[in-house]
Amino acid sequence: MPVIDNALIIIDMQRDFVPPRDFVPPRDFVPSCDFVPSRYLDRTRKGALEVPDTDGMVERIGAKLKLCRERGDRVIFTLDSHAPDEATIESRTLPRHCTDKYGRSCIYDTAGGTVIEKSTFAAPGLAEYLYDCKHAELAGVCTDVCVISNALMLRSLLPSLELTVDSACTAGTSLTRHAAALEVMRSCLINVI
């Protein structure tokens, strides 16, 4: 099997996490292609756990996604998914989220990519899709929860995989936690740009 040079992992860019934006689409924007801003999907519904400071991030990740698709890179989406009656520490601690089709929906078109649904911070099966990759880049939310969990899991399971996290394509539950998570990833030999 040939080695894949690059993979883009888009973590939890879902309607329950990414707030609707005032998005003015470019003239050639087609909602079914590269990404679908949540504003086009339902302007009235607020996400259950909206992440602050995602301004511009949706468009930056959309541009990376488009480039990766053009190059033929592997694209993987992780999607948080919880049963409405789930009884985990997360479900007892955080507001209910990603429990219905709307909240679980990815804001990007996942066609042609691999979708991994998860009910934990990290996606346990993610490493299986990366064993033949040289480099993987992580983007999405939340830097201090699911992004760092997946990055550290991959660092442990695939020590030869070069990992990058683009700080401009991630957002945390706060700016302080975002910065702290990036620093922890740096200390674990994950390239933070």
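The values are calculated or read from the model by the stated rules, or taken from the named source; none is laboratory data. These figures come from a predicted structure and were not determined experimentally. Here the Cβ positions follow ideal geometry from the backbone for every residue, glycine too, while neighbour counts run over all protein chains shown. Ligands, DNA and RNA are stripped out before the accessible areas are found, and what is left, the full protein with its side chains, is counted by its heavy atoms. Shrake-Rupley method; radii C 1.70, N 1.55, O 1.52, S 1.80 Å.
Residue check, residue 104 against (1) more than 21 Å from residue 54 (Cβ to Cβ); (2) at pLDDT below 85, all met but one. Which one? Checking residue 104 against (1) more than 21 Å from residue 54 (Cβ to Cβ); (2) at pLDDT below 85, the one that fails is (1).
None of 182, 138 is modelled with pLDDT of 85 or more, assigned to a strand (DSSP E or B), within 19 Å of residue 10 (Cβ to Cβ) and in contact with a strand residue (DSSP E or B) (Cβ under 6 Å, 6 or more places away or on another chain) except 138.
On inspection, residue 187 fails the criterion of being free of Cβ contacts under 8 Å to residues at least 24 places away in the same chain and closer than 16 Å to residue 6 by Cβ. Within region 107-121, the set of residues being under 15 Å from residue 152 (Cα atoms) and either at pLDDT 90 or above or open to solvent by less than 20 Å² (accessible area, probe 1.4 Å) (or both) is empty.
Yes/no matrix, rows are residues, columns are (1) modelled with pLDDT under 70; (2) open to solvent by less than 60 Å² (accessible area, probe 1.4 Å); (3) more than 18 Å from the chain's Cα centre (by Cα):
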position	(1), (2), (3)
32	yes, no, yes
46	yes, no, yes
51	yes, yes, no
57	no, yes, no
65	no, yes, no
79	no, yes, no
95	yes, no, yes
